[in-house]
Amino acid sequence: MTEAFTCQCLSDTLEGLCDGLSHFSHPSRAAVIYTIRPKDPIRVYDPQNLLVGHELRFQELYLDSQTWRTDAPDVKQLQEHGHINPEKNIGLAGLISFGGRSRSLFYQMWFTEHHPDMCSVVPVERWLEHAAYRLSHDLGSASEWYTAISGSFLREYATHAVRDCIVDEMNRVLGWDTHVRVYPILDAILGISRTREEGSWARGQLMFVEAAAIGHLDLVAEFPEDERPALVNFKHVRKLLQAVENSPRRLVSEGRAIVGIANGELPDFSIVADFRGGHGFLKLNGEAVCSFFDGNFKSTIRRAKLVQVEELLLESELDPDASGELFRIISDLVHSAETHKHGTTLVIDLNAEPVEISGQGLQVPLDLRDPESLSLAKSLAHVDGALHLGADFRLHGFACLLDGRSIVGEDRARGARFNSALRFTAGNPGLVVVVVSADRPISVIMEGVELSAQCALETPPTCLATPPTMEAWIHQQL
């Protein structure tokens, strides 16, 4: 195995992994640490600096201790050609990882970013597992047979990652002898989500269970066996979903047809597609695995996490209890706007004396700690203009107009709400503005800068030389 061949395998695998994960989540980096033979030095391939900041932990795990090397199984006992023996997750903050060993690769541990708005990390873990499998398989093959197809597999792995996540849990709960076929279920979920009925997107829940579990469900309506709508008939299933829309009832399927309508608790194993109009959530045994919209599965929970706002409040002069209460109020207002799909702007005024903003003032500011006042504020957010919130938890005005001089960094593609917030915060210190757009992510703006902006990641540079050893890499960083 030549160094050039190893570098090519690393480049192709990591590039495809980053591209696929970036479409499933947000722009995502990836990295791998590995050693090919038992006595080789461990190396770090991190072309986008994902692992920077974890040097001391790597020093402790891989250089100060050799347990990872000495406690390994005999490579001759590992199965042939790419089979992976999983390794324990090393649990680095902010990262998702998966590692393993094989005959062709003594040790490898893959990493990617843990985005804060993920429904679950499990599909991403399965994605990393497949990257480990592909790299082991490629390095175990002769270079003349290498097709560079691993990157293509990893780019398109979203549905397979969700399927692998479901199959693992299904095997754990039901055992290996089950007739539930996951791919047709996932295809049906996406097909139904793309099907409109009288111009409306699907709403309601569709539950998939093993055939043997149907007799234990609380079926309020069961269809004759020879009249059950086929799952592949997306239009028919979409029509039937109207019977469970805005209710606790669910359509029930064993994976081939719609059996009936059920009430009550979930069985021991269930896959539930929760359709919510233009999007929905895939739940496994009651826990969200991923969302789906635009005909694809995604990792996001589709609710703003407002991490930047929380950090700014914690760094402000407010005491921790006050910052926590203000953050709760802001989150409620933002999530209400998201739920009702209307745009709005929140001006969070952290000054001791609130600034004057042109708009509809209030004789007595509303105390937003009061549930009734908070509910009213959610309704006022529908009115064109911004809500003006003070550090005193009160709403000081609504329908506020934000103005200011033109500044560098404006983006005409983002609309008036966004650019007005940039201008206004550039000329007024002590303000944080949250812009909620009906069709875009949440923007957090302060001092004329969008704090929540995400930079597009460049394609990882090609691996042209053997990656550095762990010792050399740590020395470079420190």
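Read the figures in this text as sums done on the coordinates, not as results from a lab. Not measured: the values here are computed from a predicted model. Every residue, glycine as well, gets a Cβ built from its backbone with ideal geometry; the counts of neighbours run over all protein chains shown.
By the beta-carbon count within 10 Å of each Cβ, the least crowded to most crowded order of Arg303, Arg134, fewest first, is Arg303, Arg134.
The residues neighbouring Ala322, those whose beta-carbon lies less than 12 Å from its own, together hold a net charge of -3 under the Lys/Arg +1, Asp/Glu -1 convention. The residues neighbouring His396, those whose beta-carbon lies less than 12 Å from its own, together hold a net charge of -4 under the Lys/Arg +1, Asp/Glu -1 convention.
The ranking of Cys18, Cys290 from fewest to most other beta carbons within 10 Å of each one's beta carbon is Cys18, Cys290. Restricting region 230-317 to GluC sites (Glu not before Pro) that sit in a DSSP loop and have at most 12 other Cβ atoms within 10 Å of their own Cβ leaves Glu265, Glu317. If you take all other residues with their beta carbon under 15 Å from the beta carbon of Thr13, and give Lys and Arg +1 and Asp and Glu -1, the sum is -3. With unit charges on the beta carbons (Lys and Arg positive, Asp and Glu negative) and the dipole taken about the Cα centre of region 173-298, which residue among Gly255, Ile271, Ser193 sits farthest to the positive side? The Cα lying farthest towards the positive end belongs to Ser193. Across region 173-298, counting alpha-carbon atoms alone, Rg and Dmax equal 13.4, 42 Å. The charge dipole of the chain, taken about the Cα centre with unit charges on the Cβ atoms of Lys, Arg (+1) and Asp, Glu (-1), comes to about 1120 debye, rounded to the nearest 20. More than 19 angstrom separation, counting every C-alpha pair in region 307-441; what % is that? The share of Cα pairs beyond 19 Å in region 307-441 comes to 47 percent. Remark: region 180-234 carries a charge dipole of roughly 340 debye about the Cα centre, counting +1 on each Lys and Arg Cβ and -1 on each Asp and Glu Cβ. The residues Trp201, Trp127, Trp473, when put in order of fewest to most other Cβ atoms within 10 Å, stand as Trp201, Trp473, Trp127. Give the residue from Leu376, Ser316, Leu366 lying farthest towards the positive end of the charge dipole for region 307-441; charges sit on Cβ (+1 for Lys and Arg, -1 for Asp and Glu) and the dipole is referred to the Cα centre. Positive-end residue among those listed: Leu376.
In order along region 294-303, the Karplus-derived 3J(HN,Hα) couplings, from 6.51 cos²θ - 1.76 cosθ + 1.60 at θ = phi - 60°, round to 6, x, 9, 8, 9, 7, 6, 7, 6, 9 Hz, and Gly and Pro are given as x. Computed from point charges on the beta carbon alone (+1 for Lys and Arg, -1 for Asp and Glu), the dipole magnitude for region 173-298 about its Cα centre is near 580 Debye. Database remark: amide H of Arg276 closer than 5 angstrom to the amide H of Phe281 (H placed geometrically; neighbours at sequence offset of 5 or more, or on other chains; Pro and chain starts carry no H).
A simple rule links phi to the HN-Hα coupling: the Karplus curve 6.51 cos²θ - 1.76 cosθ + 1.60 with θ = phi - 60°, which for region 113-119 gives 6, 9, 5, x, 9, 7, 5 Hz, with x for Gly and Pro.
Taking every alpha-carbon pair under 8 Å whose residues sit at least 6 apart, region 307-441 reaches a relative contact order of 29 percent. With both residues required to sit in region 307-441, DSSP beta bridges show an antiparallel share near 70%.
Across the chain, Cα pairs under 8 Å and at least six residues apart give a relative contact order of 15 percent. With contributions of -39500 (n - 2.57) from each DSSP H run of at least four residues, the per-residue ellipticity at 222 nm computed over the chain stands at -9500 deg cm²/dmol. Between the amide H of Asn296 and any residue lying 5 or more places away or on another chain, no distance stays under 5 Å, with hydrogens modeled in the peptide plane.
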